[in-house]
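Participant: The structure under discussion is supplied below as structure tokens; questions concerning it will follow.
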Amino acid sequence: MVRFSERLVKIMNNVHYNVNGLLNTQRKTQLKNVLEDIQGVQKVNVDLGRGSVEVNYNDATNEQAIRQGIERVGCKIQ
């Protein structure tokens, strides 16, 4: 008799954007909160000094949802 163990593996994806509109820590916090609220987003790193955003996410979301979140807080992707 052979037993099989089924394991759910979620593929992790990573995107990096340079953005305009990261003017202050308040905007940074807003952006981070919006992105972290997207189902499937695992980790968000917003670098205010460089004007960049890095997002790790799984198959529960996609780049379009992440881009829309960035634009929703008033940032523009370069």
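Each reported figure results from applying straightforward, stated rules to the coordinates on display, with no laboratory input. Nothing here was measured: the structure is a model prediction, and the numbers come from that model. Here the Cβ positions follow ideal geometry from the backbone for every residue, glycine too, while neighbour counts run over all protein chains shown.
Participant: Identify which of Val41, Val55, Val15 has the largest mean-square fluctuation in a Gaussian network model of the chain, with springs joining Cα atoms closer than 10 Å.
Facilitator: Val15
Participant: A further question on this structure: With axes computed from alpha carbons, what is the tilt in degrees of helix 25-36 against the longest principal axis of the chain, rounded to the nearest 10 within 0 to 90?
Facilitator: 20 degrees
Participant: As I understand it, the value is the acute angle between the Cα axis of helix 63-72 and the longest principal axis of the Cα atoms of the chain; what does it come to in degrees, rounded to 10?
Facilitator: Rounded to the nearest ten degrees, it is 30.
Participant: Lysine pairs in the chain 8 or more apart or on different chains: how many have alpha carbons under 19 angstrom apart?
Facilitator: Count of close lysine pairs: 5.
Participant: Could I have the simple spin-label model distance between Asp37 and Ile11, label points 7 Å from Cα toward Cβ, reported in nm to one decimal?
Facilitator: With each label placed 7 Å out from Cα toward Cβ, I get 2.9 nm.
Participant: Using 0.36 nm times the number of residues separating Glu71 and Thr29, minus their current alpha carbon distance, what extension gain do you get?
Facilitator: The Glu71-Thr29 span can extend by a further 13.7 nm.
Participant: Applying the Karplus parametrisation 6.51 cos²θ - 1.76 cosθ + 1.60 with θ = phi - 60° to the phi angles of the stretch 13-20, what ³J(HN,Hα) value in whole Hz is obtained for each residue in order, glycine and proline being reported as x?
Facilitator: 3J(HN,Hα) across the stretch 13-20, in whole Hz: 10, 9, 10, 9, 10, 9, 10, 9.
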